[in-house]
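Each value in this text was obtained by applying a stated rule to the coordinates, not by laboratory testing. The structure displayed is predicted, hence computed values, not measured ones. Counting neighbours? That spans all protein chains shown, and the Cβs are built from the backbone with ideal geometry, glycine included.
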Amino acid sequence: MSGTFARYAAAVLAFTVGVILWGAFVRISGSGAGCGNHWPLCNGVVVPLAPPIATLIEFTHRMMSGLDGIAIGVLVVWAFRVFPRRHPVRLGAVLTAVFLATEVLIGAALVKLEHVARNASVGRAYSLSGHLINTLTLLACLTLTIWWASGGARLTLRGRATWLAIPGLALFVILGISGAIAALGDTLFPARSLAEGFRQDLEPAASIFVRLRLFHPLLAVGTAAWLGFYAAIERHKAGGLNLWLLSPWWMQMVHLLLADLAWIALVLVCASALQQPPVSADQRANEMASGVPRL
């Protein structure tokens, strides 16, 4: 039964990545204001009739998010029915639901604050960063749920392995934030040539979204070097191609997909490095008696 649960959780993870990719397409296509500043309604109605393409794209993302919420709700109920009390799968499923809820609330705030479409305010950089951190946390919780459901050991958050894992995770999050800002800069201020793009990056009066995108490839190199040292993860090659092709929408989508897959792989590598040794029956009985569960 746990194997079936793990496969279902993996399917939910795949669908969640799809929702994230469609959310990126909403930004790339400038459709974030397709439902106006209305939430949860779309332009004041439940289901828009004969909507323009921007509204259709945004409304589709909302429907996909709703389906993802239902799927994760099933995941939580199933986890509590299949796995015993204090099993880490229960914790992973609950945290997944919590961070999906905050993901939806952040999305609603973006709409209400109008941090969508062509908005180039500094506030959008902060909201975009918060959204990205929440998204990565959601993916991490769902990935760990699959790990534990597949027989992965509990985690121990102490010792040398922990201190080696933390920099990699932190660097990846910072890299993701810089990538999100760079992608938004490419969308809001597209360049007609590579040379023009570099001139925009160095222009003192340029938007913060343009000036910060120069740091993304530098962070990518540093992060890849650390991850190569830590877990022998090969750095994906989409970043350079993305720059050379002036960030077309399809390459931004591929870039994000590879970034999400790399993050999931990193979480699994860290879980493997941090897993606890097998616990004997006597140790398990003592743990249950003490009432102090481990992750």
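With distances taken between every two different alpha-carbon atoms, region 107-178 has a Kirkwood hydrodynamic radius of 14.6 Å. Pairs of Cα atoms in region 19-84 fall into 5 Å distance bins, from 0 up to the last occupied one, in shares of 4, 18, 22, 19, 13, 8, 7, 6, 4, 1 percent.
Relative to the 2.2 N^0.38 Å rule of thumb, region 35-147 has a C-alpha radius of gyration ratio of 1.24. The length gained by stretching the chain between Leu67 and Leu261 to full extension, at 0.36 nm per residue less their Cα-Cα distance, is 67.7 nm. With R₀ fixed at 30 Å, the C-beta to C-beta distance from Leu113 to Ala10 puts the FRET efficiency at about 0.30. Using 0.36 nm per residue and subtracting the Cα-Cα separation, the extra length available between Ala120 and Ser272 on full extension is 50.6 nm.
Annotation for Arg81 and Thr162: the two label points, set 7 Å from Cα along the Cα-Cβ direction, are 3.6 nm apart.
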